[in-house]
Amino acid sequence: MKVLGIDPGTQTMGFGIVERVEDTLSHIDSGVIKFKNRDLQESIKLIPSLLDEVTREYQIDTISMETLFFAINPKSVIKLAQFRGALLAYFLDRFDRVEEFSPLEIKKSITGNGRSSKQIVNQKVREILNIETEIRPLDISDALAVAITYLKIHQ
């Protein structure tokens, strides 16, 4: 089973593809999509062209995405919520369901502690997927953690 994990962001969106074959999890691909210096509507218009390529090339079976987190700036939260809504609409048009996990659920699944730092999550993702090189930016390890969480819950 191949899972596409998404760490949504209106400036930088992380994605990670993890495959489970029997009891082994493997890193297939990952990266970031940068939307910097674009307004929200321009970024939303880019979603199909950018993600169709990934979902087709890797024959993704399912999608998992991080839910909203607490933020101090209300404008940022509203913008991210609108962007997430566009992502959900895009994915639900192509897949039966999108599994969503909170940052706390993801951290607990990956590290055993829902309050772990992004750096600890990054380290554990590297261990789980046997990735020797540094994963940067952290949006990538966050997206991989979302995919791993899905595969751990749906064993």
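The values are calculated or read from the model by the stated rules, or taken from the named source; none is laboratory data. As the structure is a prediction and not an experimental result, all values here were calculated from the model. So basically every Cβ, Gly included, is an ideal-geometry build from the backbone, and we count neighbours across all protein chains shown.
Set side by side, the residues Ser64, Ser26, Ser49, Ser30 differ, and just one is polar (S, T, N, Q) and out of contact with any strand residue (DSSP E or B) (no Cβ under 7 Å at 6 or more places or on another chain), which is Ser49.
Residues that are free of Cβ contacts under 8 Å to residues at least 24 places away in the same chain and surrounded by 12 or more Cβ atoms within 10 Å (Cβ to Cβ) within the stretch 92-101 comprise just one, Leu92. Count of the stretch 29-58 residues, restricted to those that are surrounded by 16 or more Cβ atoms within 10 Å (Cβ to Cβ), of a type outside the set (Ser, Thr, Tyr) and outside any helix (DSSP H, G or I), is 3.
Criterion applied to Gly9, Gly31, Gly5, Gly16 was being of a type in the set (Gly, Ala, Ser), farther than 22 Å from Thr133 by Cα and under 13 Å from the mean Cα position of the chain (by Cα), and the one residue passing it is Gly9.
On the stretch given as the stretch 12-28, residues that are among the β-branched types (Val, Ile, Thr) and surrounded by fewer than 15 Cβ atoms within 10 Å (Cβ to Cβ) total 2.
Condition check ((1) of a type in the set (S, T, N, Q); (2) in contact with a helix residue (DSSP H, G or I) (Cβ under 8 Å, 6 or more places away or on another chain)) across all residues:
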{"position": "Glu99", "(1), (2)": "no, yes"}
{"position": "Ser102", "(1), (2)": "yes, no"}
{"position": "Lys124", "(1), (2)": "no, yes"}
{"position": "Arg136", "(1), (2)": "no, no"}
{"position": "Ser141", "(1), (2)": "yes, yes"}
{"position": "Ala147", "(1), (2)": "no, no"}
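Only residues that are crowded, with 16+ Cβ neighbours inside 10 Å and either at pLDDT below 90 or of a type outside the set (Asp, Glu) (or both) were counted across the stretch 59-82, and they come to 7. Please go through the stretch 106-120 and give me each residue that is under 21 Å from Asp23 (Cα atoms) and either crowded, with 17+ Cβ neighbours inside 10 Å or not small (Gly, Ala, Ser) (or both), ordered by number. Ile106, Lys107, Lys108, Ser109, Ile110, Thr111, listed by residue number. Residues in the stretch 3-49 that are touching a residue at least 60 places away in the same chain (Cβ under 8 Å) and more than 17 Å from Leu88 (Cβ to Cβ): Thr12, Gly16, Ile17, Val18, Arg20, Leu25, Ser26, His27, Ser30, Gly31, Val32. Taken over the stretch 102-136, the criterion of being β-branched (Val, Ile, Thr), part of a loop (DSSP other than H, G, I, E, B) and in contact (Cβ under 8 Å) with a residue 12 or more places away in the chain is satisfied by Ile131, Ile135. The set of residues from the stretch 63-75 being without any contact (Cβ under 8 Å) to a residue 24 or more places away in the chain and within 13 Å of Gly9 (Cβ to Cβ) comprises Leu68, Ala71.
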